[in-house]
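Have a look at the structure below before the remarks.
The values are calculated or read from the model by the stated rules, or taken from the named source; none is laboratory data. Keep in mind that what you see is a predicted model, and the values were worked out from it rather than measured. Glycine also receives a Cβ, built like all others from the backbone with ideal geometry; neighbour counts cover every protein chain displayed.
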Amino acid sequence: MSLPKPPDLRSADGAISLEDFYAIPESNRFMFMPARTTWPKESVDSILPKILGEKRNGKFVKIKPSDWLKQHRRVEQVTWMPGWPEIIEDQLLFDGGWKDRPGAHVLNLYQPPRVFPGNADLAGPWIEHVRRLYPNDADHMIDWLAHRVRFPGEKINHALVMGGGQGIGKDWILEAVEKAVGEWNFHNVSSSELLDKNNPFVRAVVLRLNEAHDLGEGGRANRFALYERIKSYAASPPNVLSCVDKYEKRIYVPNVLGLCITTNHKSDGVYLDNDDRRHFVVWSESKKEDFSAEFWIEQWRWLRSGGAGHVGAYLAQRDLSTFNAGAVPRQTEAFFEVVHASQAPEDAEIADALDELGRPDVVTLGMLVSTRNGAALEWLLDKKHRRSIPYRMETCGYVSVRNPDADKSDGLWKIEGRRQTLYGRTKLAPEQRQLAAREHVVRLKKATSIV
């Protein structure tokens, strides 16, 4: 059932109306839709006059605007969903997706972009610059950006990584896209912000991770943690994201954001695993010196005097019939270069030790350190490196094997009186790794008893 249209009730200056608000019983607050912010009931009641309500004992009774809103303009949930109406009826959104709920109303906070006048035929300067920076990969890149403009409520199942030196125009390319999707639907975050528990930025058509570099202390471990976090944003599942804002109630939003990562650094920027299927990487060999100051003055003048509208029109009309948003992206030459740059020297040292051991089905860190060149691997036993070890081992083809019979929930194996992690070969099935781990522990116990 649709919500009734409220009476034409306005503040003394006429600037605010009752229709600007929805009641949210969960938080006992009221959403002011023009700003997408919540107000306490005292503020609503102090600005708007009382409403002439129903008859009681033969007399009309005036009621507070906040009470009228709670009775007639109430929503059971709040979300953010591009392309859907302001009020989504008869459904509720859970962490697993939408469920039918007759009579329910969900408030959609998405705001469509402003419409800028533009002519797609006049977008040449933007198209030419994209092709100049990324000549081999421009078509897929432009398709990715056009999809964000045309289908903001659909998920692209991979991130776009735009790499290259400073001052070559990555920001300039994205400026027009920001206008096309709506500035409020295009969010910029740093690496540290992406790792934070508060993530209001997931309400985005385009989420830009700006300059994926400089992760501070524990940088290498943080790169792995960042990679794991990126995976949940770059592709679905998850189909629904928990949106946590420090100052608002948690809400659930569909995972439709398009993640765009920009970086100037190939060797210590974004980390990519060699089996990654979630990133389309483009890299420019252009240099800052290739462009004069006059060139950029003219480029920015063009963009801000109507060029952004031309780009928006071009992207909105681009033929995407050959673009598959759900497909695994092509692995570009730049992708393999970033993967290679992501491999640390420690990986080779671990690989050498594993080779010396004959690549056993299971291995402990102590076994690696006991090899001929084990002195170079003593860092594996240092507590401060514990967060990075699982990634280093997985890179070399081994993952931790959990002990299902462990006394505690840590999943460790008790070997020679100490709790330890056993790593099994990734080429084995999980049950094969479990069996190999048990056999390894039994062999060690027998060897110890014989001694």
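Among the residues making up region 263-278, a single one is within 24 Å of Gly153 (Cβ to Cβ) and either surrounded by 15 or more Cβ atoms within 10 Å (Cβ to Cβ) or in the same structural domain as Phe94 (by TED's automatic domain parsing) (or both): Arg278. Scanning region 401-442 for residues that are surrounded by 17 or more Cβ atoms within 10 Å (Cβ to Cβ) and of a type in the set (Gly, Ala, Ser) returns Gly424, Ala436, Ala437. Within region 297-329, the set of residues being more than 26 Å from Phe151 (Cα to Cα) and touching a residue at least 24 places away in the same chain (Cβ under 8 Å) comprises Gln299, Trp300, Trp302. Taken over region 241-260, the residue count meeting the criterion of being touching a residue at least 40 places away in the same chain (Cβ under 8 Å), outside any strand (DSSP E or B) and surrounded by fewer than 21 Cβ atoms within 10 Å (Cβ to Cβ) is 6. One residue alone among Val206, Val189, Val130, Val149 is β-branched (Val, Ile, Thr) and within 25 Å of Glu289 (Cα to Cα), and that residue is Val130. Pairing residues of region 282-294 that are touching a residue at least 12 places away in the same chain (Cβ under 8 Å) and within 10 Å of Gly169 (Cβ to Cβ) with residues that are assigned to a helix (DSSP H, G or I) and aliphatic (A, V, I, L, M), at Cβ distances under 7 Å and at least 6 apart in sequence or on separate chains, gives Ser284/Leu133; Ser286/Leu133. Restricting region 199-214 to residues that are surrounded by fewer than 21 Cβ atoms within 10 Å (Cβ to Cβ) and more than 12 Å from the chain's Cα centre (by Cα) leaves a set whose member that is modelled with the lowest pLDDT is Asp214.
Residues in region 1-46 that are part of a loop (DSSP other than H, G, I, E, B) and aliphatic (A, V, I, L, M): Met1, Leu3, Leu9, Ala12, Ala15, Ile16, Met33, Ala35. Test Gly83 against the criterion of being within 30 Å of Ala15 (Cβ to Cβ) and either within 24 Å of the chain's Cα centre (by Cα) or polar (S, T, N, Q) (or both), and give yes or no. So Gly83 passes the test.
Would region 150-167 turn up any residue that is over 19 Å from the mean Cα position of the chain (by Cα) and crowded, with 23+ Cβ neighbours inside 10 Å? No, region 150-167 contains no residue that is over 19 Å from the mean Cα position of the chain (by Cα) and crowded, with 23+ Cβ neighbours inside 10 Å. In region 180-198, of all residues being in a helix (DSSP H, G or I) and of a type in the set (Ser, Thr, Tyr), the one that is surrounded by the most Cβ atoms within 10 Å (Cβ to Cβ) corresponds to Ser191. Any residue that is farther than 27 Å from Trp184 by Cα and modelled with pLDDT of 95 or more - is there at least one of those in region 35-45? The answer is yes, given that some residue of region 35-45 is farther than 27 Å from Trp184 by Cα and modelled with pLDDT of 95 or more. For region 373-415, the set of residues classified as at pLDDT 85 or above, part of a loop (DSSP other than H, G, I, E, B) and in contact with a helix residue (DSSP H, G or I) (Cβ under 6 Å, 6 or more places away or on another chain) consists of Cys396 only.
His147 meets the conditions (1) outside any loop (DSSP other than H, G, I, E, B); (2) under 22 Å from the mean Cα position of the chain (by Cα); (3) farther than 23 Å from Gln331 by Cβ in every case but one. The failed one is (3). Would you confirm whether any residue within region 265-285 is of a type in the set (A, V, I, L, M) and touching a Leu at 6+ places or on another chain (Cβ under 6 Å)? Among the residues of region 265-285, not one is of a type in the set (A, V, I, L, M) and touching a Leu at 6+ places or on another chain (Cβ under 6 Å), which makes the answer no.
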